[in-house]
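Inspection log for the structure reproduced underneath, given as structure tokens.
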Amino acid sequence: MPKRILEGVVVSDKGDKTIVVRVERTILHPVLKKIVRRSKRYHAHDEANTYKIGERARIIECAPKSKLKTWEVLPKQTAQSAS
């Protein structure tokens, strides 16, 4: 089974080698039939402490590294590789 990759916004970088990423998704409400935003926070391992609050981060599943951390960040993409 492939590892999941999620993208979200860093909401905390206070922990050493740890960031908290808020991932938002949209769902259709079963009764109201409206699009509703839901978010979840994931603790991710950031070995080099490269991400700061407000940046977009991509995270990938990994083996558990601690009680809460089962995700790790993918390396930052540079402007040249994105285009």
Quiz item: Could you give every pair whose Cβ atoms fall below 6 Å, whose first residue belongs to the range 24-35 and is farther than 20 Å from E7 by Cα, and whose second residue is of a type in the set (V, I, T) and in a strand (DSSP E or B), counting only separations of at least 6 or pairs across chains?
Solution: H29/V36
Quiz item: Considering only the range 41-52, how many residues are assigned to a loop (DSSP other than H, G, I, E, B) and either on the phi > 0 side of the Ramachandran plot or touching a Ser or Thr at 6+ places or on another chain (Cβ under 7 Å) (or both)?
Solution: 2
Self-check item: Top-ranked residue in the range 53-64 [being not in a loop (DSSP other than H, G, I, E, B) and not β-branched (V, I, T); ranked as most open to solvent (accessible area, probe 1.4 Å)]
Solution: R56
Quiz item: Which condition number in (1) surrounded by 12 or more Cβ atoms within 10 Å (Cβ to Cβ); (2) within 24 Å of M1 (Cα to Cα) is the one that N49 fails?
Solution: (2)
Practice problem: Among what's in the range 1-20 and is out of contact with any Lys or Arg (no Cβ under 6 Å at 6 or more places or on another chain) and of a type in the set (G, A, S), pick the residue that is surrounded by the most Cβ atoms within 10 Å (Cβ to Cβ). | Solution: G15
Quiz prompt | Answer from L68, L28 - the residue that is surrounded by 10 or more Cβ atoms within 10 Å (Cβ to Cβ) and among the hydrophobic types (A, V, I, L, M, F, W, C) | solution = L68
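The values are calculated or read from the model by the stated rules, or taken from the named source; none is laboratory data. As the structure is a prediction and not an experimental result, all values here were calculated from the model. Neighbour counts are summed over all protein chains in view; Cβ atoms, including those assigned to glycine, are modelled from backbone coordinates with ideal geometry. For accessibility, only protein heavy atoms count, side chains too; no ligands or nucleic acids. Shrake-Rupley method; radii C 1.70, N 1.55, O 1.52, S 1.80 Å.
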